[in-house]
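Reading through the structure tokens given below for one structure.
The values are calculated or read from the model by the stated rules, or taken from the named source; none is laboratory data. It should be emphasised that the depicted structure is a prediction, and the values quoted were computed from it without experimental measurement. Glycine gets a Cβ as well: all are built from the backbone with ideal geometry, and neighbour counts include every protein chain shown. In case anyone asks, the SASA skips ligands and DNA or RNA and just uses the protein heavy atoms, side chains included. Shrake-Rupley method; radii C 1.70, N 1.55, O 1.52, S 1.80 Å.
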Amino acid sequence: MTKDLSMRTVTVMRYILPLREGGSLPALAEADDDFKYVLKFRGAGHGVKMLISELLGGKIAQVLGLHIPELVFAHLDVDFGRTEADEEIQDLLKFSEGLNLGLHFLSGAIAFDPSVKIDPLLASKIVWLDAFITNIDRTFKNTNLLMWHQELWVIDNGASFYFHHSWQNFDAAAKSPFKYVKDHVLLKQATMLQEADDDAKTVLNDDIFREIVSLIPLEWLQWQDTDMSPEEIKEVYFNFMKTRLKNSEIFVNEAINARR
């Protein structure tokens with residue numbers, strides 16, 4: 001069955017609290033649909049590129065059948081945040097007017113304990129995902145995995161597709177082995193990497209990549225560090241994923257060797 005990759009747009013009504021210190025300052029907020037979301041702001045750290053990573057990585061995870069909180073576009077009105085007392089947060093909200101990204105808040109979820117044994121195919125699929133999207137941030141130090149309703153949920157894919165911060169050598173980046181896989185929190189449990197690769201190739205294809213890339217909002221593609229048009233930028237992301245899938249044995253073998 002084809003997965004519905006469409007996304008809703010909500011309007012942020014209430015800023016509740018920042019979730020952790022650091023450059024990105026994600027926050028818990030309430031939207032006009034009465035649900036709470038973890039908001040990732042375009043005005044933070046790596047800006048819209050981090051939001052694009054979160055969007056692309058999250059949608060690929062969804063296609064792979066992994067549990068991931070619903071992603072929504074979260075609109076911040078011009079006047080939102082003017083009453084915020086904290087100047088740093090007020091500035092963040094000011095520079096984040098327009099579309100941001102929200103992940104449905106999993107109330108009661110707890111951080112994943114790396115000592116807990118999980119299904120080896122599930123572990124392998126998550127390692128495969130992170131090697132595919134070049135996500136450097138799912139380690140023992142910061143697992144970015146939650147347990148909710150006795151199931152493992154994948155969160156925070158914003159540190160992926162890191163080639164786009166230098167925005168060059170797209171083809172070489174797509175064929176890289178992803179050496180950081182050696183630090184992955186689930187690598188030791190990922191005993192079915194070849195099976196995960198086979199499974200991924202049954203569901204990921206050019207049509208899926210086109211559909212996912214088409215979700216990137218135009219206003220996230222107005223970059224000052226490139227002369228490329230928004231459509232040309234989308235084409236780079238598409239070709240990166242297409243090439244990386246075609247050459248998946250490079251990063252799969254790297255992960256298998258890292259396990260040894």
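Remarks
- Beta carbons closer than 8 Å, at least 6 apart along the sequence or on distinct chains, pair a first residue in segment 49-63 that is within 21 Å of ASP197 (Cα to Cα) with a second that is basic (Lys, Arg) for GLN62/LYS3; VAL63/LYS3.
- Those residues of segment 174-204 which are farther than 29 Å from ASP4 by Cα and of a type in the set (Gly, Ala, Ser), in sequence order: SER176
- Within segment 235-260, residues that are closer than 15 Å to LYS201 by Cβ sit with their Cβ atoms under 6 Å from residues that are open to solvent by less than 30 Å² (accessible area, probe 1.4 Å) and of a type in the set (Asp, Glu), at 6+ positions apart or across chains, in these pairs: SER248/ASP197; VAL252/ASP197.
- Number of the condition not met by ASP198 [criteria: (1) among the charged types (D, E, K, R); (2) under 19 Å from LYS125 (Cβ atoms); (3) in contact (Cβ under 8 Å) with a residue 12 or more places away in the chain]: (3)
- Test result for LEU17, open to solvent by 10 Å² or more (accessible area, probe 1.4 Å) and either in contact (Cβ under 8 Å) with a residue 24 or more places away in the chain or within 20 Å of the chain's Cα centre (by Cα) (or both): no
- Residue match in segment 12-24 (condition: closer than 21 Å to ILE52 by Cα, of a type in the set (Val, Ile, Thr) and either in a strand (DSSP E or B) or at pLDDT below 95 (or both)): yes
- Of the residues making up segment 193-248, those that are more than 18 Å from LEU64 (Cα to Cα), assigned to a loop (DSSP other than H, G, I, E, B) and either open to solvent by 10 Å² or more (accessible area, probe 1.4 Å) or in contact with a Leu (Cβ under 7 Å, 6 or more places away or on another chain) (or both) are ILE216, PRO217, GLN222, TRP223, GLN224, ASP225, THR226, ASP227, MET228, SER229.
- Segment 96-110, residues that are open to solvent by 20 Å² or more (accessible area, probe 1.4 Å) and in contact with a helix residue (DSSP H, G or I) (Cβ under 7 Å, 6 or more places away or on another chain): LEU99
- Just one of the numbered conditions (1) assigned to a strand (DSSP E or B); (2) surrounded by fewer than 22 Cβ atoms within 10 Å (Cβ to Cβ); (3) within 13 Å of the chain's Cα centre (by Cα) is not true of GLU30: (3).
- Members of segment 144-163 that are of a type in the set (Ser, Thr, Tyr) and under 17 Å from LEU103 (Cα atoms): SER160
- In segment 111-133, of all residues being of a type in the set (Asp, Glu) and open to solvent by 10 Å² or more (accessible area, probe 1.4 Å), the one that is nearest to THR191 (Cα to Cα) corresponds to ASP119.
- Residue in segment 34-42 that is part of a loop (DSSP other than H, G, I, E, B) and open to solvent by less than 10 Å² (accessible area, probe 1.4 Å) present: yes
- The single condition from (1) modelled with pLDDT under 90; (2) within 23 Å of ALA109 (Cβ to Cβ) that ASP77 fails is (2).
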